[in-house]
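A short reminder: the numbers here are calculations on the coordinates, not readings from a lab. Given the structure is predicted, the values throughout are model-derived calculations rather than measurements.
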Ligand SMILES: [Zn+2]
């Protein structure tokens, strides 16, 4: 019973000037992806903030491949555009 349940942990996302508290899975990976993208959308480079929250997508489409190299942060707009392609 020593396993830490990640879903029970709260974390703080540092989105530039704004701190947003969220409760989600795979928080560490998301934070790494965000900082590697300098808190900007990977596609349009729009900066993330409370009005433009990042959405995480899988680069290879494989949802079980949850490694940071397979995650990308996109704004809602680009995520929606990607779905329509
Ligand atoms: Zn975008």
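Data table
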{"read-out": "Over the stretch 43-85, relative contact order from alpha-carbon pairs under 8 Å, at least 6 apart, %", "value": "43"}
{"read-out": "q = 0.27, 0.28 Å⁻¹: log10 I(q)/I(0) that the Debye formula gives for the stretch 25-80, counting C-alpha atoms only", "value": "-1.13, -1.19"}
